[in-house]
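So the structure is just underneath, and the comments pick up after that.
The values are calculated or read from the model by the stated rules, or taken from the named source; none is laboratory data. Predicted model only: the values in this text are computed from it and were never measured. A quick note on method: Cβ atoms are made from the backbone with ideal geometry, for glycine too, and the neighbour counts reach across all protein chains shown. Note: areas computed on protein heavy atoms with side chains; ligands, DNA, RNA excluded. Shrake-Rupley method; radii C 1.70, N 1.55, O 1.52, S 1.80 Å.
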Amino acid sequence: MTDPYYDVCGTGPVLLLVPGGAGHPMGLEPMTRRLARRFTVVTYDPLGLAHGRLGLPVADQRVEEWSDGARRVLDQVLPDGESACVLGTSSGGIAALDLVARHPERLRHVVAHEPPCVAALPDGARQRDRFREVYDTYRAAGPQAAAARLVAVLQERTVQDGDPEGRPLTDEEESSSPMALFLAHVLRQFTSYVPHPAPAAVRLSLAAGADSRGG
């Protein structure tokens, strides 16, 4: 078992960030800088994509593997006797839900931002089928066509049938694209995850962006 990949900045109480997608922390820098004014921000990189592993083969991912890695990160960075806050977004939010359910020790407050746990919804089977269509589109026509279908699924729009434009990626192209890795190895597995009850001792908040209102 290799050591988990993560970065640390700021000072104060520990706040663990779990990125979405395939776990690459790209795009989180502005938020990280703001949070680092008040917290020791620990940014977890589950696949090491920002730590020299982008371009290497990736297997299908499991939520439990990400949350186990997050627990190991906390074991390394938390001072004795202290607890941590956790912020996970999208697929990282799903990992955060599993973390609080299976590894609540030393957690104080967990925020799951828009975790797409559609299996927990009344129409979960239909939602899983729609995400499977996104995966099938990716395999048939590549990431751009799949991303367009994914947006339609998230917005609950009807997708027009027909052959999507694009081409499948080679193994080398896929391993070098965080988006492609997400579509190939994270999307189906994570959206099929069914959350477990969280212990009452840990505060759990579900969050959504202002632009997601009514979605």
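Of note:
- Any hit, the range 126-149, residues being crowded, with 21+ Cβ neighbours inside 10 Å, without any contact (Cβ under 8 Å) to a residue 24 or more places away in the chain and either more than 16 Å from Pro46 (Cβ to Cβ) or hydrophobic (A, V, I, L, M, F, W, C) (or both): yes
- Count - residues of the range 75-96 that are in contact with a His (Cβ under 8 Å, 6 or more places away or on another chain) and open to solvent by 10 Å² or more (accessible area, probe 1.4 Å): 4
- The residues in the range 13-61 that are farther than 20 Å from Ser90 by Cα and either in contact with a Pro (Cβ under 9 Å, 6 or more places away or on another chain) or of a type in the set (S, T, N, Q) (or both) can be counted, and the count is 5.
- Flag if Arg188 is basic (Lys, Arg), within 25 Å of Leu47 (Cα to Cα), open to solvent by less than 60 Å² (accessible area, probe 1.4 Å) and in contact (Cβ under 8 Å) with a residue 40 or more places away in the chain: yes
- Selection of the range 49-68 for residues being among the basic types (Lys, Arg) and either exposed (fewer than 12 other Cβ atoms within 10 Å of the Cβ) or assigned to a helix (DSSP H, G or I) (or both) yields only Arg53.
- Within the range 1-12, tally of residues that are under 20 Å from Gly93 (Cα atoms) and open to solvent by less than 70 Å² (accessible area, probe 1.4 Å): 3
- Scanning the range 6-36 for residues that are part of a loop (DSSP other than H, G, I, E, B) and under 15 Å from the mean Cα position of the chain (by Cα) turns up Pro19, Gly20, Gly21, Ala22, Gly23, His24, Pro25, Met26, Gly27, Leu28.
- Selected residue [in contact (Cβ under 8 Å) with a residue 40 or more places away in the chain, in contact with a helix residue (DSSP H, G or I) (Cβ under 9 Å, 6 or more places away or on another chain) and open to solvent by 60 Å² or more (accessible area, probe 1.4 Å)] from Arg102, Arg71, Arg106: Arg102
- Evaluated against (1) acidic (Asp, Glu); (2) touching a helix residue (DSSP H, G or I) at 6+ places or on another chain (Cβ under 8 Å); (3) open to solvent by 50 Å² or more (accessible area, probe 1.4 Å), Glu174 falls short on exactly one condition, (3).
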